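Below is one structure, written out as structure tokens; the observations come after it.
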Amino acid sequence: KATAKISGNLTMTSPLLNIICPVKTTAKHLIERYFWQLTEGCGNGNCTNEFCASCCDFQLLDNNSAAAKALELFKINAKLCDPHPSKKESDSSANTNAQPDSEMSNTDLCPSKEDFSDVHYLTENTVCMILSFCEEQGDYSALIRIIGKVFSNAEALIKSFRKDEPKANENSVIETDVDGHENQSEGTSEKLGASSAAALPENTPNESFDPCEVTVDIDAVRRVYDRLQTINEVEAALVNALIYLTPNLELDLEYLDVYQTNPDYLNVFLIVMENNNLHSPEYLEVALPQFCKAMSKLPVKALARLSKIWSTYELPHIRRIMETFQQLITFTVVSNEYDSENLVNDDGTVVAGTQCLKVVFYASILGGDFDVEHNEKDDDDSESDELTLHELLGEERLYKKGPRVDPLEKELGIRPIDSIKALIPFEDFVNESLNYVVEMDKDFTFFKVNAETKFSFQSCPFILNVITKNQGLYYDNRIRMYSERRLTTLYSMVQGQQPNPYLKLKVRRDHIIDDALVRLEMISMENPSDLKKQLFVEFEGEQGVDEGGVSKEFFQLVLEEIFNPDIGMFTYDDDTKLFWFNSSSLENEAQYTLIGIVLGLAIYNNCILDVHFPIVVYKKLMGKKGTYLDLSDSHPVLYQSLKELLEYSGSVEEDMMLTFQISHRDLFGNPILHELKETGDQIPVTKENRQEFVDLYAEYILNKSVERQFKAFKKGFLMVTNESPLKYLFRPEEVELLICGSRKLDFEALEKTTEYDGGYSKDSQIIKDFWETIHSFGEEQKKLFLQFTTGTDRAPVGGLGKLKMIIAKNGSDTDRLPTSHTCFNALLLPEYSSKEKLRERLLKAITYAKGFGML
């Protein structure tokens, strides 16, 4: 092992030198003392310090382990022993006698060219030269030594594989080079004490600094790795070097402002992440976890720059980096056991891997197609200066308005919703192993209350599937409901009134829209916070008690009425089976506000609605305007026509004869002319301006023409969800899934999760006949059964396997029909005497079921 002078006549092995080189003088001295205490001891035979080699219980460490341990002891400010008098005399004598040998050792180690001791950083040519020499000799020890030396030292990596190879005479602020030889210019060590500034003279960012520009030659690094990784011995050297490197990086980033001093410090992370084998077990145990922890300590500006750089990579490379972090998270999760006491949130490796994966997530968005413009205007939600009751009770952290903004997202100036098509599909960033072990009740608490001190995976929602995120949303909604209930009780005690802890709606079936509209409109005007109470619906003249099932039917009846084409609030496309806002509707805005409230209440009360909107509606609710590409879903015929216009190779002006004036039909089928721009009827569409024509056309159809209707609709939706993390956690397609449920009905999964009561079991003959009957039903009959049993014909988020249905015995053979408790997804099934009778009774029940009663 190479040796280096540290202070006086003492020598130390290079692993410790790699750790302390960048540290300021005081820190270096302390780490040095810890190292000697661990390797030599204090000399006191009665020492009781567990971190001293002179202690009788101390287990001896090799120099490498002692170097790493010394850094740990420095971080926790562990106890240091004073040298025993006999030890001081012994050390003094030993140092005096050792000096000639030490000097001779340095001289003997470094003179020959074949030893390559003058190599302090690497280039592609240098690696090729050393590799050729080693192949001729049949011995790779020189290559392994150089690889270990350079890849374990941040300074050396910063200077390696550069596009502008450093000059031999450039100034350096290194106290000692990687071999320990003192070769710095006079006085430079006083300027900076960090390794980050060691590579080049004053290379701080300026106004012309391009964040995507790097000084490291990435292609050269990849070629070098390709050659090195064919040699097994070199792979082991790279693993060990990374283990030695990472404590150094952590110390630099935690205590010293290294990146601000020299942006080229990022080269270290760029070079290491080009290793194709980082996902292999050799790295996953120790090296990669430590490296991810160091990367997660990079400042936000550095992480943003790293994301921008990776976004310029070709898809295979950025996917490899993504899979490396995913492999680390999965490997760590399956290798450990987690419970409510030992949370995955406290696993530093999983947390660091997730934070690093976030950098790749945004790189994938930046590298794909995105649109940071075309944003919907946020409604004015300026906060009042008056203290709310939540603030008076010290609960304002639980009820903060609006979604939080991720620091990296803010630095990059892009959001997931801005993505049109990412390089890597969003689904590939979901880690199912992690979703299986995360405790969402605890994670929600960290997300809402302890965000500064505890990590929450909801701060990285891309890694969570929609089922897990829905659990987090459920906790948020329930806590708000309980809070409103508690506040209502407090108000009623102060005012001496009867408490009203629920959002109660009493409606008539034949006047459901009028009754619901009047009640909800009054609530939204007088006390909008009542909308955040738990919904409780009562149908006039019916005895049903709402435990969820009555609310489901209420939502269904409201939607059937509002989406009735005869009312004219929405238009229906027979081809797409989707509804769109009627720009010529005669209904007032209150009706649209009502449907917005209904959608918000459905999410808030965990109900599934039979709504058929194009995805652009949910995109607009999340803050993005509709654009030309969204027409493919909402207006496919128009989209295809505009696409053909853009792709037309002939003379657009002569052949198409279009102008910037368009026509569409009103509620009664009459044509309406609209100019997309001033004097549009006189402006022909040409090859040069056709893109503008398409953009303006889409802007009119999706935004301007329905602005009044959609604004009222969104207002109602936000009345319920404005304080919800919905916008932060979910993408538009996931919001659609929350509201509408899954259209895929897997009754095999439902059968596996169904529970039985009252004497039935899965082996009962009636149960076997029941499932054979259900599986023989057509698609519409299956939907009717689901509607009859659960109150909706859609599967919840996660599919029918997430629906806990109960089949209970309801007496022996009888002519009575099956009944259900939709609130509890319970089917009360008599023990019919034959399979034919079961089928006949069940079909009659699900076909003619309507209304609620008391059993």
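The values are calculated or read from the model by the stated rules, or taken from the named source; none is laboratory data. As the structure is a prediction and not an experimental result, all values here were calculated from the model. We place every Cβ from the backbone using ideal geometry, glycine too, and count neighbours over all the protein chains shown. For the accessible areas, the whole protein counts, side chains as well, though only heavy atoms, and no ligand, DNA or RNA atoms are used. Shrake-Rupley method; radii C 1.70, N 1.55, O 1.52, S 1.80 Å.
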**Asked** Between Leu629 and Arg743, 0.36 nm times their residue separation minus their Cα-Cα distance comes to what?
**Response** 38.6 nm
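Can you work out the FRET efficiency for the pair Asp575 and Asn342, with r the C-beta to C-beta distance and R0 = 41 Å, to the nearest 0.05? Intermediate results must be reported in sequence, preceding the final value.
Values: r = 54 Å, r/R0 = 1.31.
Calculated value: 0.15.
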**Label point at Lys75 placed 7 Å out along Cα→Cβ; residues across the stretch 273-299 whose backbone nitrogen lies under 13 Å** = 289-297
**Asked** Near the amide H of Thr819, under 5 Å away, which other amide H atoms are found, from residues 5 or more places off or on another chain, if H is placed in the peptide plane?
**Response** Leu828
**Calculated FRET efficiency for the pair Glu692/Ala808, C-beta based, R₀ 60 Å, to 0.05** = 0.40
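Ignoring ligands, DNA and RNA, how do Lys577, Lys552 rank by accessible area with a 1.4 Å probe, largest first? Could the numbers behind the result be given before it?
Values: Lys577 110, Lys552 40 Å².
Descending order: Lys577, Lys552.
Loop-only chymotrypsin sites (Phe, Trp or Tyr not before Pro) in the stretch 607-690, please: DSSP not H, G, I, E or B, and at most 10 other Cβ atoms within 10 Å. Please list the in-between numbers first.
Working: sites: Tyr618, Tyr628, Tyr639, Tyr648, Phe660, Phe668; in loops: Tyr648, Phe660, Phe668.
The qualifying sites are Phe668.
If you stretched the chain out fully between Glu707 and Val637, how much longer would it get, using 0.36 nm times the residue separation minus the C-alpha to C-alpha distance? Working shown, then result.
Values: separation 70, 0.36 × 70 = 25.20 nm, distance 2.20 nm.
Between Glu707 and Val637, full extension yields an extra 23.0 nm.
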**Prompt:** In the stretch 553-608, if every C-alpha pair distance is counted and binned at 5 Å from zero, what percent goes to each bin?
**Reply:** 4, 18, 26, 25, 18, 8, 1
**Message:** Averaging the inverse of every distinct alpha carbon separation and then flipping it gives the Kirkwood radius. What is it for the stretch 529-630, in angstrom units?
**Reply:** 15.3
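Can you give the extra length, in nm with one decimal, that the chain gains between Asp757 and Asp514 once fully stretched, where that is 0.36 nm per residue apart less the Cα-Cα distance? Intermediate results must be reported in sequence, preceding the final value.
Details: separation 243, 0.36 × 243 = 87.48 nm, distance 4.10 nm.
This chain segment gains 83.4 nm when fully extended.
Kirkwood-based Rg over Rh for the stretch 487-740 (C-alpha set), two decimals?
On the way: Rg = 21.8 Å, Rh = 20.4 Å.
We get a ratio of 1.07 for the stretch 487-740.
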**Prompt:** Each residue of the stretch 715-723 in turn: what ³J(HN,Hα) in whole Hz from Karplus with 6.51, -1.76, 1.60 and θ = phi - 60°, glycine and Pro shown as x?
**Reply:** 4, x, 4, 6, 4, 9, 10, 4, 9
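Of Thr324, Thr230, which has the most accessible area and how do the rest follow, probe 1.4 Å?
Working: Thr324 5, Thr230 105 Å².
Largest to smallest exposure gives the sequence Thr230, Thr324.
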**Asked** Residue-wise, which Karplus ³J(HN,Hα) couplings in Hz belong to the stretch 343-360, taking 6.51 cos²θ - 1.76 cosθ + 1.60, θ = phi - 60°, and x for glycine or proline?
**Response** 7, 5, 4, 8, 7, x, 5, 5, 5, 5, x, 5, 5, 6, 5, 4, 4, 5
**Message:** Could you sort Val694, Val334, Val430 by their accessible area in this structure, using a 1.4 Å probe and putting the largest first?
**Reply:** Val334, Val430, Val694
**Asked** Taking only pairs that are 8 or more places apart or on different chains, how many Lys pairs in the stretch 604-688 have Cα atoms under 20 angstrom apart?
**Response** 4
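Among the listed pairs Lys75/Lys297; Lys809/Lys844; Lys75/Lys469; Lys782/Lys835; Lys159/Lys297, which have their C-alpha atoms separated by more than 25 angstrom in this model? Walk me through the intermediate numbers first.
On the way: Lys75/Lys297 15 Å; Lys809/Lys844 19 Å; Lys75/Lys469 37 Å; Lys782/Lys835 17 Å; Lys159/Lys297 22 Å.
Flagged as over cut-off: Lys75/Lys469.
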**Message:** With a 1.4 Å probe and all protein chains kept in place, how much accessible area does Ile739 have, in Å² rounded to the nearest 10?
**Reply:** 0
**the stretch 491-621 - percent relative contact order, Cα under 8 Å, separation 6 or more** = 21
**Asked** Probe 1.4 Å, all protein chains in place: accessible area of Tyr475 in Å², nearest 10?
**Response** 80
**Message:** Going by amide H atoms built from the backbone, whose H comes under 5 Å of the H on Gly368, apart from near neighbours?
**Reply:** Leu423
**Request:** Starting from the Cα coordinates of the stretch 708-804, work out the convex hull volume and express it per residue in Å³.
**Result:** 142
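Compute the relative contact order of the stretch 602-643 as a whole-number percentage, counting only Cα pairs closer than 8 Å that sit 6 or more residues apart in sequence.
27
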**Message:** Loop only by DSSP, 14 or fewer other Cβ within 10 Å of the Cβ. Give me the trypsin sites (Lys or Arg not before Pro) in the stretch 450-517 that pass, ordered by residue number.
**Reply:** Arg508
**Request:** Quickly work out the Glu233-to-Ser141 label distance, labels modelled 7 Å from Cα along the C-beta direction, and quote it in nm with one decimal.
**Result:** 0.8
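Pop the C-beta distance of Leu843 and Lys421 into the FRET formula with R0 = 45 Å and round what comes out to the nearest 0.05.
Working: r = 46 Å, r/R0 = 1.02.
Efficiency, rounded to the nearest 0.05: 0.45.
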**Asked** Just the accessible area for Tyr697, please: 1.4 Å probe, Å², rounded to the nearest 10?
**Response** 40
